[in-house]
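S.K.: A single structure is presented below for examination.
Each reported figure results from applying straightforward, stated rules to the coordinates on display, with no laboratory input. Bear in mind that the values here come from a model prediction, so they are computed numbers and not experimental data. Here the Cβ positions follow ideal geometry from the backbone for every residue, glycine too, while neighbour counts run over all protein chains shown.
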Amino acid sequence: MIKLYPEKLLSIITNDSMQERLECMFKKYDISGFTILQATGEGSSGMESAMSGFDGNILVKVIVTESQLQILLESVERKLQKGYHLTVFVSDVEVITPEKFKNRSK
Amino acid sequence: MIKLYPEKLLSIITNDSMQERLECMFKKYDISGFTILQATGEGSSGMESAMSGFDGNILVKVIVTESQLQILLESVERKLQKGYHLTVFVSDVEVITPEKFKNRSK
Amino acid sequence: MIKLYPEKLLSIITNDSMQERLECMFKKYDISGFTILQATGEGSSGMESAMSGFDGNILVKVIVTESQLQILLESVERKLQKGYHLTVFVSDVEVITPEKFKNRSK
Amino acid sequence: MSNLSNLLLPAVLFFALGVIARLIKSDLKFPPDLAKVLSIYLLMAIGLHGGYELAKADLVIAMNSIMWALILGFTLPIIGYLALVMTRKVNPLDAAAISAHYGSVSAGTFLTAIAYLDNVGVTYETYPLIMLAVMESPAIVVGLILAAKARHSIAAREKAPISGGGADLTTTAVAADSPGGKFTDLLREAFTNGSVVVLIGSMVIGAISTPSGMQQLFPFIDEIFMGVLCLFLFDMGMVAARRIGDFRQVGWLLALFGIVMPLFGGVIGAYVGHSILGFSVGGATLVAVLGASASYIAVPPAMRLAIPEANPSFYLTLSLGITFPFNVIVGIPIYHSLVQAMAAAG
Amino acid sequence: MSNLSNLLLPAVLFFALGVIARLIKSDLKFPPDLAKVLSIYLLMAIGLHGGYELAKADLVIAMNSIMWALILGFTLPIIGYLALVMTRKVNPLDAAAISAHYGSVSAGTFLTAIAYLDNVGVTYETYPLIMLAVMESPAIVVGLILAAKARHSIAAREKAPISGGGADLTTTAVAADSPGGKFTDLLREAFTNGSVVVLIGSMVIGAISTPSGMQQLFPFIDEIFMGVLCLFLFDMGMVAARRIGDFRQVGWLLALFGIVMPLFGGVIGAYVGHSILGFSVGGATLVAVLGASASYIAVPPAMRLAIPEANPSFYLTLSLGITFPFNVIVGIPIYHSLVQAMAAAG
Amino acid sequence: MSNLSNLLLPAVLFFALGVIARLIKSDLKFPPDLAKVLSIYLLMAIGLHGGYELAKADLVIAMNSIMWALILGFTLPIIGYLALVMTRKVNPLDAAAISAHYGSVSAGTFLTAIAYLDNVGVTYETYPLIMLAVMESPAIVVGLILAAKARHSIAAREKAPISGGGADLTTTAVAADSPGGKFTDLLREAFTNGSVVVLIGSMVIGAISTPSGMQQLFPFIDEIFMGVLCLFLFDMGMVAARRIGDFRQVGWLLALFGIVMPLFGGVIGAYVGHSILGFSVGGATLVAVLGASASYIAVPPAMRLAIPEANPSFYLTLSLGITFPFNVIVGIPIYHSLVQAMAAAG
Ligand SMILES: Nc1ncnc2c1ncn2[C@@H]1O[C@H](COP(=O)(O)O)[C@@H](O)[C@H]1O
Ligand SMILES: Nc1ncnc2c1ncn2[C@@H]1O[C@H](COP(=O)(O)O)[C@@H](O)[C@H]1O
Ligand SMILES: Nc1ncnc2c1ncn2[C@@H]1O[C@H](COP(=O)(O)O)[C@@H](O)[C@H]1O
Ligand code: NA
Ligand code: NA
Ligand code: NA
């Protein structure tokens, strides 16, 4: 049986103008990788239709360790306090290659 | 440490012609927000290639409270009984801003 | 109350040139269905910008039973050993129609 | 002879190239949205053109064309439904969903026919273009009614006959409410579907725009038209070929329906175009193509919503994987020959 | 009279068709990326053209145009901000974000104006094109400064006044750092936004390319231009209509701002174009359109980053749902008449 | 002198604009699918054109061109591989993957060369177009074989030499099975890749279509061609610039390979085109460009599948970030001058 190791999956939904900022955040905290999907949606800041192609959402997924998660959440919290619209949720996942999700070696 | 609060993430995969109906469902039950991603896939109703651009799937994600989840699931169940093809799954997530996922205030 | 049944959600992130191979894998093991989303990202093999449209990632989602999961993970493991870049994670989900995720009947 | 040249038409050859690309399992992929954009362009171009000409058209003939388009749109799916139910290969709901496709039309097939006629130098009236717009939707409504009837009789069979037997149209329409939402919603959706809006909207714009405004549009809608059509058919060839493989899944009897039904619709259309509406050979050929072609853009999503119980594999395979290639590659020259024969016969 | 013909311009009619398609709830959808591609094409085409002509332009007039573009770009948002704050319907941060849109410009409106002038046969100078490029960004900077000021005074009000009252520009700029990242980053982003790069880049290429190279490009940038513009406005009509519904949400006073502000900007622009820069009726009309139009491409994402506290519904509804349709459908002929009147008055 | 004018070619200038847009960190983004659509259009246009002309071509020269295309496609990657292994900067699997790119070709570079030749008024034969189609795939096969050899020798080194040393081609081919799936599958994939299908398919269609059918296509494939090429190179400039940054990551020796290898391939190609195939200066320049250019569309995904152990950063950075810009901006005039010198020398 393949052994599985627990990690955390952090998901962030926000306007795509935030993409560069989030990528910077991941670089800053040495996150080993991330994945971005195009999305549309509706929320408290109205609809993000992406219909015009000028205005859409992104869904960002990062698999991190528990300790990295805390660091990222704190950074996200600061952004929320500044007024940015971020829909954030965390889930438990299991992976087969835990070494992949350690900090980027320098 | 950032405090996390449990919520439910409901995911629905279906043909994109269903999008308007699902959005209506969310409006009807005062869901605070939702996110939609374009997808392709295969299932019991054959392949949804999206290759023609006229035929693709959507993956809808809604973060809701436990009680909202039940209401939505009942509505989904009714749609399934009518013959609609919906692939539905629920997962546990944790959020930092639980007030965001309460019913829309009127 | 709608009854929910536990299943496993396997997610695989990889370059889109792998799509056909993964679909073959699902067919081979009689998986009842799968969903594919276009994605971009960064990881150990560099950035997958999808900017050129010639090079992007996919995020593949498959809901399976515990026993199917093991079979798929073994197949994934073999691919990883051959050098393929696959970011793989598993999560617990609950579904309302468990019969949907059994092996495809022949 | 001239008819054989259809196979050497670039548009048809690109369709074939798309099919071949899939058959040899090429990794060629068109972006999912391309076909949508190209079809918007094609409908816009042909609509502007048609509207511009229609501004000078004869209102009586136009009205007559619309009426016969409605008659075709309402009749063909009923005939198709009866034929399908008779095969006993599909349940009544699948039959309703499939036949709705054959009462509607395929703009891609229509445009290929225009390219074909242009190539062999045959002129045609503009009225069939209005008929194209008119015929998109009615069959959807017929499909809904047939499905409601089918559901009614299934329910009746299951629960043992209630009082009176004959499901009159009113209860049928009411029964139609259950799965697809309100009947009026479905009606609205049928008549406001995207292709219809682009086509009718462009026709109106073509008719009312200032001539100088239209003049500036002609290079866009004329010169690159044929090239865009080639690209569109290339793409659709690949899409169709994905479905050709499902051919075995639907069974040979159903597959046969995908060839016989367009031939039947083509004959009816040729008769309406030539003998009733009195169009030229070109115009009547286009009406035949309208009768023969099956929708694969407007009707499938409507059926998903309105008849969710029907299996999409059936109607997509038939309309996209069998009838569409059949019409594009061999059907059009057949309908043309047929009308030529009718014209020769007097 | 000639002005009424605006409503029969294909480009304007397609915009209206897009609006109607949404209002009748058609399922017509344009792929999300289409508008982006079309706008890149339009900016490229108009930039190449303009650059080609500008190579022979008068440097003094060009410089003068740039200076007045900057003046308009810096002044209009300040006036808009003061007007909005006076309505007391929005908080200062929303006012800053909204008014930044009105200091910037809308290429879609500008291009419609060009189609309008071409159609009525009025010639125009090329200088307004440089002004279009120049005016994209400055208003973003003004928006940032106003927001910083607003934040400062909000903070001051909350925490009780610190030492001296008047927030000078330096502390303001520093304060601007907090939400949107470094002020210099925001500045760089304002001046390197995509539309500006495509437009200025294409102008430079148009100016320095070999004539034979340009010759080969003309069919692409000229002949299909009007058709692409129609398609773009069709798409944008649908986008705008999605926002028109939010009209009630923003309240009638704000909605009124979305009509009064462009009229005001149009008057200022007409004055600058006609009386200060001495352009012909066509050229001054274009400057009026620059003054009147509100950005919906470059400024919204900049505001999301720089003034995250502001509500995007407000500025998107105003610029996209109210001002854009107003300008395209009735504004342009009004500005043209206005400049004609000015010219007639001497 | 005429060669310098390359830098004032709109297509090259747009490529540069794309690079600059990234370097100044503009937020300009092209939709991910645009480059794909544009490249399908470009291949289709050039294929139709070429096929149309080739219908009247000399079969012997055509066959000769194909043979020499195969020779180039098989030889260049082997030379590249040996050179790379000698640098000792990459492992053999990376060397195999990288060198496969250099045996294949870049249609974008080829088209820029055509724009360049058109601009300086130099005519060229159509045969290099067939060579473009033929050269896409063979290098992929060579890459696979080299990789299998590399894997074999790595395994041998690790597990201690088995029986005989020399891995003959058969065992090599069998060994190739392990990572990428069956060798025959990989072969099929190499020869049915999308670009090849579009290019060869369009050539065949161009050759067999009715002249009247082709006539209707010419505006689409001729008039807007240069504009579409500009847009494509604009986009690719941004894509390339994303990779230029990774330059340091691959190290200066590898980066140097990305410039020396195309120069070497250009010389070989010039020799084949001029001295062996006896083409005109224009035609031989195109063959030089084929030798010099490195694939960034067809080969990378093939290598991901067939040599997953190789690092994509290496080959993408080299072919897309270094060789492609080098060829487009300075390479093409160099190859042209080279062939001119050869021609002058007799
Ligand atoms: N309850 C929710 N479930 C899923 N996605 C949400 C939810 N609320 C907001 N979102 C997403 O987050 C984006 C920003 O939300 P907001 O910050 O509320 O404007 C929306 O456009 C949605 O895509
Ligand atoms: N086991 C599964 N795992 C993931 N996605 C699925 C699965 N089964 C079905 N789907 C998705 O749900 C869509 C509709 O499925 P179906 O109702 O089975 O036709 C498919 O096109 C897939 O995208
Ligand atoms: N920690 C991570 N979290 C989320 N996605 C990741 C992570 N690491 C890698 N990925 C995704 O997996 C792809 C391949 O990763 P890699 O194999 O590391 O090159 C990347 O392009 C990302 O899209
Ligand atoms: Na029909
Ligand atoms: Na303005
Ligand atoms: Na080469």
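S.K.: Mean-square fluctuation check for chain D, GNM, Cα pairs under 10 Å: which of D:135, D:303, D:226 is largest?
M.R.: The residue that fluctuates most here is D:226.
S.K.: Would you mind working out the magnitude of the charge dipole of chain F relative to its Cα centre, with +1 at each Lys and Arg C-beta and -1 at each Asp and Glu C-beta, to the nearest 20 Debye?
M.R.: 940 debye
S.K.: Let me ask something additional. Roughly how crowded by other chains is peptide F:236-245, in terms of the mean Cβ count from those chains within 10 Å of each of its Cβ atoms?
M.R.: 2
S.K.: Same structure, new question: Averaged across the residues of D:226-233, what count of C-beta atoms belonging to other chains lies within 10 Å of each residue's C-beta?
M.R.: 5
S.K.: Any chance you could give the angle, 0 to 90 degrees and rounded to 10, that helix A:19-28 forms with the longest Cα principal axis of chain A?
M.R.: 30 degrees
S.K.: Return the long-range amide H neighbours of residue B:7 (sequence gap of 5 or more, or a different chain), with a cut-off of under 5 Å between placed amide H atoms.
M.R.: Result for residue B:7 returns B:93, B:94, B:95.
S.K.: Answer with one residue from E:258, E:187, E:90: the one whose Cα lies farthest towards the positive end of the charge dipole of the range E:2-345, charges on Cβ with Lys, Arg +1 and Asp, Glu -1.
M.R.: The residue sitting most towards the positive pole is E:90.
S.K.: Now for a different question. Could you give the DSSP H helices of chain E that reach 30 angstrom or more along their long axis (alpha carbon positions) and whose average Kyte-Doolittle hydropathy is no lower than 1.6?
M.R.: E:59-87
S.K.: Using r as the Cβ-Cβ distance of residue C:3 and residue D:156, and R0 as 25 Å, what FRET efficiency do you calculate, to the nearest 0.05?
M.R.: 0.20
S.K.: Measure off 7 Å from each Cα along the Cα-to-Cβ vector at residue F:249 and residue F:185, then give the distance between these two points in nanometres to one decimal.
M.R.: About 2.8 nm, to one decimal.
S.K.: While we're on this one: So how many Lys-Lys pairs in chain F land under 25 Å Cα to Cα, not counting same-chain pairs under 8 apart?
M.R.: Details: F:25/F:36; F:89/F:149; F:89/F:159; F:149/F:159; F:149/F:182; F:159/F:182.
Within chain F, the lysine pair count is 6.
S.K.: Which residue fluctuates most in the GNM of chain B (Cα springs below 10 Å): B:28, B:79, B:61?
M.R.: Looking only at B:28, B:79, B:61, the biggest GNM fluctuation is shown by B:28.
S.K.: Report the Cα centroid-to-centroid distance between the range D:222-284 and the range F:106-122 in angstrom, as an integer.
M.R.: Taking the Cα centre of the range F:106-122 as reference, the centre of the range D:222-284 is 41 Å away.
S.K.: At 7 Å along the Cα-to-beta-carbon direction for both residue C:99 and residue A:92, put a label point, then send me their distance in nm to one decimal.
M.R.: 3.1 nm
S.K.: Beta carbons within 10 angstrom, averaged per residue: use that to sort the peptides D:262-273, D:103-114, highest first. Display every interim value, and only then the final one.
M.R.: Values: D:262-273: 24.2, D:103-114: 27.1.
The peptides rank, most packed first, as D:103-114, D:262-273.
S.K.: Sticking with this one: Once amide H atoms are built 1.01 Å from N in the peptide plane, which residues 5 or more positions from residue A:39, or in another chain, come under 5 Å H to H?
M.R.: A:57, A:58, A:59
S.K.: Could you size up the charge dipole of the protein assembly as shown around its Cα centre, putting +1 on the beta carbon of Lys and Arg and -1 on that of Asp and Glu, and report it in debye to the nearest 20?
M.R.: For the protein assembly as shown, the charge dipole is close to 2340 debye.
S.K.: Within 10 Å of each Cβ in E:301-309, how many Cβ atoms from other chains are there, averaged over the peptide?
M.R.: If you average over the peptide's residues, the count of other-chain Cβ atoms is 5.
S.K.: Under 16 Å between C-alpha atoms is the cut-off here; go through chain B and count lysine pairs that meet it, provided they're at least eight residues apart or on different chains.
M.R.: 13
S.K.: What shape does the protein assembly as shown take by its C-alpha gyration tensor, where a ≥ b ≥ c are the square roots of the eigenvalues and a/c under 1.5 counts as rounded, a/b above b/c as prolate, and the rest as oblate?
M.R.: Rounded is the answer for the protein assembly as shown, as its axis ratio a/c remains below 1.5.
S.K.: For chain F, with equal point scatterers placed on the C-alpha atoms only and solvent neglected, what are the log10 I(q)/I(0) values from the Debye formula at q = 0.10, 0.11 1/Å, to two decimals?
M.R.: Taken in order of the listed q values, log10 I(q)/I(0) reads -0.58, -0.70.
S.K.: Rank E:289, E:122, E:12 by mean-square fluctuation in a GNM of chain E with C-alpha springs under 10 angstrom and give only the top-ranked residue.
M.R.: The residue that fluctuates most here is E:122.
S.K.: At a Förster distance of 25 Å, what's the computed FRET efficiency of residue E:67 paired with residue E:345, Cβ-Cβ distance as r, to 0.05?
M.R.: The pair residue E:67/residue E:345 has a calculated efficiency of 0.50.
S.K.: Right, here's the next one. By count of other Cβ within 10 Å, fewest leading, how are D:102, F:81, D:52, A:5 ordered?
M.R.: Ordered from fewest to most neighbouring Cβ atoms within 10 Å, D:102, F:81, D:52, A:5 come out as A:5, D:52, F:81, D:102.
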